Amino acid sequence: MNSVLKEYFESLKGKRVTVIGLGVSNKPLVEGLLDAGVPVTVCDKRRREAFNGLVETLERRGMTAVLGPDYLEHLEGADVIFRTPGLRPDLPQIARAVAKGARLTSEMEAFLDLCPCRIIAVTGSDGKTTTTTIIAGLLKAAGYRTFVGGNIGHPLLCRVDDIRPDDMVVLELSSFQLMTVRQSPSIAVVTNLAPNHLDVHKNMEEYVAAKRNIFAYQDACDRLVLNADNEITAGFAKQARGSVTLFSRKKAVEGGVYLRDRTVICGGRPVLTTDDILLPGLHNLENYMAAIAAVDGLVPDEVTRDFARTFSGVEHRIELVREFNGVKYYNDSIASSPSRTAAGLRSFDQKVILIAGGYDKHIPYDGLGPEIIEHVKELLLTGDTAEKIKAATLAAPGYKEGGPGIHDCADLGQAVEQARALAKPGDVVILSPASASFDRFKNFEERGKAFKDLVNALSK
């Protein structure tokens, strides 16, 4: 073990360390702490049988497990608490422990403190993963040794000793991860902001405040990349401590990235044309603009052009599953908000058959109704938000009976069969739920895989 991580773990020896959640981000942390001889208590709401023997393996190495519904009732007495992403930091049990002296942190916060190289981090309501993936791809294509983490990639804290000062790290950061950070990356990107995750955040103000942390601790040498076409993100510019680079699809922005006659301009020079971008949709054009602004000065323009011509996208993001009987089926399971679904619908130059609905995050659907009227010929609804989406469609200006046709479906399987029955050669069917997956699926990946399995099982 090299000095940086070893010194960090050494600083925790003699302290009572608790890790909340034994998921993807925290499992390597727990293993690293145990390897370093730091006793760890892990608290997780899941029961022992859900871990398929992992708990017993870690217990033999010295871990103490607190599992089940009362998992947060044993935090008092902890000196250091690592929070899992998605768990509010102000829960009463956590607040009581902090009031008695516990230090609340997370795997990501520790990594931000210890990382020896430049970090580019991306947040926003939509486009985070694709923008992060594009940035990482551009850096790799330009020859940088690049690590990807946060919401995608691998947990990076326990890899910090492998990272050299001349490497690059690219992070996708959610509002949940950002709620408690006190360090910002050298290059921060905010793709856009719209109501999201209001089932966890108290209100829109708290959600925006969490996103603001991505740049709140920057200094004069750092860079903030903002969407000039989004009212909230554009307003961040006056709060920035470092330089600001704006990107806009709708207007020219001085010194920034914008579109002129189908050409993306950065700092006054042409970088690529819209024809160079293999990914469909105006939202992906915006993702490229954000990425170009982030890597300006790091990646040659010719590398950007070559990458854009070959990059086919990220799974579950307007992913072509198959063409069957002349109908193209697309998986856009990542679309867990109305704004994300609207962006997906605008990617096609024809009206589509849309499968939507899912877990209710308590966000408004009013704005989705007009998008459905304009871009959808048949609407297939399933899940907890089905009635909300239907109501928004029926209330939208210009709605006429049958335009689109609205169909209630018991589940995703019935929705795919209904789509098949309605579709004609040349049609597009897209799963773009405008809702989270948790009513029926573990995550959007599981939902997208289920959809792909259903579509691939269609036969004549």
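The values are calculated or read from the model by the stated rules, or taken from the named source; none is laboratory data. Quick caveat: nothing in here was measured; it's all calculated off a predicted structure. Positions of Cβ are generated from backbone atoms using ideal geometry, with glycine treated the same way; all protein chains shown enter the neighbour counts. Surface areas here come from the heavy atoms of the whole protein model, side chains and all, with no ligands, DNA or RNA. Shrake-Rupley method; radii C 1.70, N 1.55, O 1.52, S 1.80 Å.
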Fill in: Which listed residue, of Val24, Val66, Val42, Val38, is loosely packed, with under 15 Cβ neighbours inside 10 Å, among the aliphatic types (A, V, I, L, M) and not in a helix (DSSP H, G or I)
Val24
Worksheet item: Residue check, Asn52 against (1) touching a Pro at 6+ places or on another chain (Cβ under 7 Å); (2) surrounded by fewer than 15 Cβ atoms within 10 Å (Cβ to Cβ), all met but one. Which one?
Response: (1)
Discussion item. Anything in the range 228-269 that is among the acidic types (Asp, Glu) and within 15 Å of Leu285 (Cα to Cα)? List them, or say none.
Written reply: Asp229, Asp261
Discussion item. From the list Ala421, Ala356, Ala415, exactly one residue is at pLDDT 95 or above and either open to solvent by 50 Å² or more (accessible area, probe 1.4 Å) or not aliphatic (A, V, I, L, M) (or both). Which is it?
Written reply: Ala421
Worksheet item: Can you pull out the residues in the range 428-460 that are in a loop (DSSP other than H, G, I, E, B) and closer than 21 Å to Leu368 by Cα?
Response: Ser432, Pro433, Ala434, Ser435, Ser437, Phe438, Asp439
Worksheet item: Any idea which residue in the range 322-340 is nearest to Ile363 (Cα to Cα), counting only those that are of a type in the set (Ser, Thr, Tyr) and not in a helix (DSSP H, G or I)?
Response: Ser337
Practice prompt. Select from the range 308-327 the residues that are buried (at least 18 other Cβ atoms within 10 Å of the Cβ) and modelled with pLDDT of 90 or more and list them in ascending order.
Written response: Ala308, Phe311, Val321, Val327
Worksheet item: In the range 367-391, how many residues are under 20 Å from Ser347 (Cβ atoms), open to solvent by less than 40 Å² (accessible area, probe 1.4 Å) and among the small types (Gly, Ala, Ser)?
Response: 1
Worksheet item: Among Ala410, Ala415, which is the only one that is more than 24 Å from the chain's Cα centre (by Cα), assigned to a loop (DSSP other than H, G, I, E, B) and under 17 Å from Ser435 (Cα atoms)?
Response: Ala410
Worksheet entry | Filtered residues of the range 144-195 (kept if closer than 16 Å to Thr105 by Cβ, open to solvent by less than 10 Å² (accessible area, probe 1.4 Å) and without any contact (Cβ under 8 Å) to a residue 60 or more places away in the chain) | Leu156, Leu178
Worksheet entry | Residue within the range 218-225 that is part of a loop (DSSP other than H, G, I, E, B), open to solvent by 40 Å² or more (accessible area, probe 1.4 Å) and under 27 Å from Gly281 (Cβ atoms) present | no
Response to the item:
Those residues of the range 15-34 that are among the basic types (Lys, Arg) and under 24 Å from Gly101 (Cβ atoms) come to a total of 2
Discussion item. For the range 236-251, which positions are out of contact with any helix residue (DSSP H, G or I) (no Cβ under 9 Å at 6 or more places or on another chain) and either part of a strand (DSSP E or B) or exposed (fewer than 13 other Cβ atoms within 10 Å of the Cβ) (or both)?
Written reply: Lys238, Ser243, Lys250, Lys251
Worksheet item: So which of Tyr258, Tyr288, Tyr207 ends up being touching a residue at least 12 places away in the same chain (Cβ under 8 Å), within 18 Å of Ser175 (Cα to Cα) and of a type outside the set (A, V, I, L, M)?
Response: Tyr207
Worksheet item: Which of (1) of a type outside the set (A, V, I, L, M, F, W, C); (2) in contact with a strand residue (DSSP E or B) (Cβ under 6 Å, 6 or more places away or on another chain); (3) not in a helix (DSSP H, G or I) does Pro397 not meet, given it meets every other one?
Response: (2)
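A quick yes/no check of all residues on (1) within 16 Å of Asp126 (Cβ to Cβ); (2) among the hydrophobic types (A, V, I, L, M, F, W, C):
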{"site": "Ser336", "(1), (2)": "yes, no"}
{"site": "Ala343", "(1), (2)": "yes, yes"}
{"site": "Arg346", "(1), (2)": "yes, no"}
{"site": "Gln350", "(1), (2)": "no, no"}
{"site": "Ile355", "(1), (2)": "no, yes"}
{"site": "Asp360", "(1), (2)": "no, no"}
{"site": "Ile372", "(1), (2)": "no, yes"}
{"site": "Gly383", "(1), (2)": "no, no"}
{"site": "Lys400", "(1), (2)": "no, no"}
Discussion item. Being outside any helix (DSSP H, G or I), more than 23 Å from Thr129 (Cα to Cα) and free of Cβ contacts under 8 Å to residues at least 12 places away in the same chain narrows it down to one residue among Asp366, Asp384, Asp349; which is it?
Written reply: Asp349
Practice prompt. Would you confirm whether any residue within the range 278-298 is surrounded by fewer than 16 Cβ atoms within 10 Å (Cβ to Cβ) and at pLDDT 95 or above?
Written response: yes
Discussion item. Filter the range 94-140 down to the residues that are farther than 30 Å from Tyr71 by Cα, assigned to a loop (DSSP other than H, G, I, E, B) and not acidic (Asp, Glu) and list them by number.
Written reply: Cys115, Pro116, Cys117, Gly124, Ser125, Gly127
Worksheet, complete the sentence: Residues of the range 424-440 being open to solvent by 50 Å² or more (accessible area, probe 1.4 Å) and under 21 Å from Tyr365 (Cβ atoms), in sequence order, are Phe438, Arg440
Practice prompt. Identify the single condition in (1) under 27 Å from Glu7 (Cβ atoms); (2) modelled with pLDDT of 95 or more that Val189 does not satisfy, given that it satisfies every other one.
Written response: (1)
Worksheet item: Out of the residues in the range 118-143 that are among the β-branched types (Val, Ile, Thr) and in contact with an Asp or Glu (Cβ under 9 Å, 6 or more places away or on another chain), which is surrounded by the most Cβ atoms within 10 Å (Cβ to Cβ)?
Response: Val122
